[in-house]
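The values are calculated or read from the model by the stated rules, or taken from the named source; none is laboratory data. Quantities reported herein were computed from a predicted structural model and do not represent experimental measurements. Please note: Cβ atoms are built from the backbone with ideal geometry, for glycine as well, and neighbour counts cover all protein chains shown. For the accessible areas, the whole protein counts, side chains as well, though only heavy atoms, and no ligand, DNA or RNA atoms are used. Shrake-Rupley method; radii C 1.70, N 1.55, O 1.52, S 1.80 Å.
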Amino acid sequence: MSLSPAFLDELRGRTHLSALVGKTVKLTRAGREMRGCCPFHNEKTPSFYVNDEKGFYHCFGCSAHGDAIRWMTDHQGLPFIDAVKELAAAAGLEVPQADPRAAQKAERAKSLHDVMQAAADWFVSQLGGLDGAEARALLDRRGVGTAAQRTFGFGYAPDSRGRLRAALKDFGDAMLVEAGLLIQVDNKEPYDRFRGRLMIPIRDQRGRVIAFGGRIIGDGEPKYLNSPDTPLFDKGRTLYNLDRASAAARKADRVFVVEGYMDAVALAQGGVGEVVAPLGTALTEAQLERLWRMVDVPTVCLDGDSAGQKAAIRAAHRALPMLAPGRSLQFVTLPEGQDPDDLMRAGGARAFEALVREAEPLVERLWKHELAAEPLDTPEQRAGLKRRLSDLANAIADPSVKSEYVAEFRHRFDQQFARGRQGAGGLQPRTPFFPYQQRRAGQKWSPPPAPVTDDAKAVRAAGGIDRVLAKAVLAGLIRHPAEIATHMEVLGSLKLADGALGRLFEAVVDVALEDRSRREGALDSQRLVTILARSGFEQVASDLLRADTMPYSFTRKSADENKAREDLDEAIAILVSRPEVDAALAEATSAMQTHFTDEAFERQVALVNEQRALDVRLANLVQANEDARALGTEDN
């Protein structure tokens with residue numbers, strides 16, 4: 001089978017090399033690369049590096065070197081074609097079938113590069129001629145100097161239907177049509193696609209011209225016209241200026257995404273070379289993957305108008321399922337009515353860098369957008385906000401990142417809406433607790449925060465999992481059995497103490513698992529109690545279902561179903577998180593006593609704040625139930 005260089009390049013481009021190697025080799029971050037012990041020779045000090053951006057691995061100990069395909073053949077022991085098939089299946093590519101014309105096709109692709117370069121050279125020559133005067137004037141008005149014109153290869157397509165066709169006639173009409181330079185309609189004579197436009201070549205990562213963007217000189221639509229998709233060009237997978245931005249991004253450890261060609265040119269001309277642009281569309285998954293190969297947190301810098309900000313939030317939503325630990329986006333908001341080109345011409349790189357220092361993390365952009373989406377004056381509107389935030393967090397595939405977003409959104413929601421209850425018998429902010437012997441100069445001492453609830457007291461008295469809250473969670477699961485399956489993975493990881501409570505917990509989960517495997521229909525509360533009774537848990541299950549013993553909505557029979565399930569989700573999250581925070585705080589405190597450092601002190605403070613936040617969240621659950629009781633909605 002003959003595989004074209006273009007197909008193999010595409011296969012390598014779609015394969016995340018560190019993820020592939022990381023399946024069998026433990027890798028850690030080392031600057032812009034990943035490092036680990038070489039799998040090709042026995043070593044104790046890591047000298048094996050994987051570079052995702054360049055797409056190769058290299059060992060400085062034994063000189064092993066290769067790309068994704070070489071990894072599959074040398075490390076996995078696969079024949080070349082089997083390695084290609086396995087990688088193609090993972091990347092969603094179809095391996096070309098054996099075709100005696102494959103070599104001819106590969107040669108034609110090579111010739112298409114020649115066609116595009118010839119077209120780029122011709123457009124440049126036209127820009128310098130008599131016909132290019134208006135295009136040169138446009139570049140002058142946009143502040144694009146002669147050096148930038150040469151660097152980016154600006155050209156001009158005369159307003160003619162056949163001058164490019166005539167200039168490149170040696171390549172033949174068929175190849176010019178395939179390259180996207182001519183338009184062929186039915187059996188009519190083909191004609192030039194780009195006419196009367198400033199021409200901007202689009203290059204691949206290797207710097208080869210693969211397409212063009214054409215900007216109209218005067219009035220008219222469309223303002224920008226791109227090449228169609230061709231064997232060389234896939235608009236959804238290409239970023240403008242990627243060939244130049246890659247090297248600059250490695251040096252600066254950052255990359256900016258702007259809206260259009262001229263924005264990228266303006267920033268690069270002002271000294272910010274690590275900048276790319278999508279090609280007239282919202283960022284695609286493939287473009288995001290390409291950006292993440294360059295840096296862990298690309299900066300999205302779109303126009304300050306409504307359209308630009310809508311594009312930014314679309315990029316945020318599209319990125320959510322692809323987030324991973326350490327991998328995210330951040331956003332720069334430009335002044336209203338300005339784009340990066342305007343900003344650079346008005347204030348230069350200094351003005352741009354000032355905005356970059358105020359870049360918003362992805363979670364901040366999402367939170368602000370949802371907070372401003374609609375009024376939040378009524379409980380129903382606030383519940384809508386909570387649901388939207390939950391949907392955003394649930395879109396994240398990585399479980400660790402998802403859990404962090406769930407916790408962050410809950411914390412922000414509590415902070416936003418607890419303020420209205422402060423000073424009226426509600427929650428009061430507390431001064432952080434710092435042990436006396438760990439004070440820094442000028443640090444005021446304050447006593448440790450008192451537990452917000454009896455449940456919190458039980459946690460600190462007994463250590464480990466809060467048994468009082470665990471009883472409430474079990475009661476909620478018995479009253480709402482459908483939630484057991486939702487939280488099966490989390491619940492299975494809890495380490496309850498021995499005794500009747502622990503045995504009942506295991507029985508509840510076992511019954512839900514068995515019922516799901518038999519597919520006997522939805523498991524309801526009464527049916528679950530009946531099954532538990534057969535195992536000797538009738539009395540303890542009945543005691544747990546007494547609503548007046550538990551201060552939570554999900555333990556009350558008459559509570560609103562949706563509210564009860566939301567509160568149960570929150571209670572389970574607190575139950576799981578609290579022991580981890582307590583253990584981490586104990587470890588941090590011990591470390592502080594052994595060796596005081598600013599870093600250890602800041603970690604201890606952060607953990608104290610996180611511990612307090614969990615107390616506040618638990619208190620909110622209790623407060624909501626007490627509010628409901630005050631309105632006369634408790635069980636009769």
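Some notes on this structure:
- Extreme residue, most open to solvent (accessible area, probe 1.4 Å), among residues of region 230-245 that are part of a loop (DSSP other than H, G, I, E, B) and in contact with a Gly (Cβ under 8 Å, 6 or more places away or on another chain): THR230
- One residue stands out among those in region 97-127 that are charged (D, E, K, R) and modelled with pLDDT under 80: the one that is surrounded by the fewest Cβ atoms within 10 Å (Cβ to Cβ), which is ARG101.
- Scanning region 60-100 for residues that are among the aromatic types (Phe, Trp, Tyr) and touching a Phe, Trp or Tyr at 6+ places or on another chain (Cβ under 8 Å) yields PHE60, TRP71.
- All of ARG556, ARG527 fail the test of being modelled with pLDDT of 70 or more and crowded, with 20+ Cβ neighbours inside 10 Å, apart from ARG556.
- Among (1) in a helix (DSSP H, G or I); (2) under 29 Å from VAL258 (Cβ atoms); (3) open to solvent by less than 40 Å² (accessible area, probe 1.4 Å) - the single one GLY384 does not satisfy: (2)
- Inter-residue pairs, beta-carbon under 7 Å, first on the phi > 0 side of the Ramachandran plot and in region 323-342, second among the small types (Gly, Ala, Ser) and open to solvent by less than 50 Å² (accessible area, probe 1.4 Å), 6+ apart: GLY337/GLY304
- GLN287 vs. criteria touching a Gly at 6+ places or on another chain (Cβ under 8 Å) and either of a type in the set (D, E, K, R) or open to solvent by less than 10 Å² (accessible area, probe 1.4 Å) (or both): yes
- Per the listing VAL332, VAL401, VAL356, VAL363, the residue uniquely hydrophobic (A, V, I, L, M, F, W, C), modelled with pLDDT of 90 or more and farther than 23 Å from LYS310 by Cα is VAL401.
- The sole residue among ARG430, ARG440, ARG421 that is out of contact with any strand residue (DSSP E or B) (no Cβ under 9 Å at 6 or more places or on another chain), at pLDDT below 90 and surrounded by 15 or more Cβ atoms within 10 Å (Cβ to Cβ) is ARG430.
- Residue within region 67-77 that is within 20 Å of VAL295 (Cβ to Cβ) and at pLDDT 90 or above present: no
- Leading residue by the ranking (modelled with the lowest pLDDT) among those in region 11-22 that are of a type outside the set (A, V, I, L, M, F, W, C) and closer than 19 Å to VAL297 by Cα: HIS16
- Scope region 371-397; condition closer than 15 Å to HIS317 by Cα and among the charged types (D, E, K, R); matching residues: ARG388, ASP391
- Looking only at region 34-50, and only at residues there that are among the aromatic types (Phe, Trp, Tyr) and touching a Cys at 6+ places or on another chain (Cβ under 6 Å), the one that is surrounded by the most Cβ atoms within 10 Å (Cβ to Cβ): PHE48
- Within region 457-514, the only residue that satisfies the criterion of being open to solvent by less than 20 Å² (accessible area, probe 1.4 Å), modelled with pLDDT under 70, over 16 Å from ARG527 (Cβ atoms) and among the small types (Gly, Ala, Ser) is GLY502.
- Residue within region 23-37 that is part of a loop (DSSP other than H, G, I, E, B), modelled with pLDDT of 90 or more and under 18 Å from TRP292 (Cα atoms) present: yes
- Looking only at region 143-176, and only at residues there that are of a type in the set (Lys, Arg) and out of contact with any Leu (no Cβ under 9 Å at 6 or more places or on another chain), the one that is surrounded by the fewest Cβ atoms within 10 Å (Cβ to Cβ): ARG150
- Residue match in region 314-322 (condition: open to solvent by 10 Å² or more (accessible area, probe 1.4 Å), part of a loop (DSSP other than H, G, I, E, B) and either of a type outside the set (Phe, Trp, Tyr) or touching a Ser or Thr at 6+ places or on another chain (Cβ under 9 Å) (or both)): no
- From ASP598, ASP569, residue being within 40 Å of the chain's Cα centre (by Cα), modelled with pLDDT of 80 or more and surrounded by fewer than 21 Cβ atoms within 10 Å (Cβ to Cβ): ASP569
- In the set (1) out of contact with any Cys (no Cβ under 9 Å at 6 or more places or on another chain); (2) under 17 Å from GLY143 (Cβ atoms); (3) in a helix (DSSP H, G or I), the condition left unmet by LEU267 is number (1).
- GLU94 modelled with pLDDT under 90, acidic (Asp, Glu), open to solvent by 70 Å² or more (accessible area, probe 1.4 Å) and under 25 Å from ASP204 (Cβ atoms): yes
- Flag not set for ARG254, criterion: open to solvent by 30 Å² or more (accessible area, probe 1.4 Å), modelled with pLDDT under 95, assigned to a helix (DSSP H, G or I) and of a type in the set (D, E, K, R).
- Taking the numbered list (1) in a loop (DSSP other than H, G, I, E, B); (2) over 30 Å from PHE417 (Cβ atoms) in turn, ALA346 passes all entries but (1).
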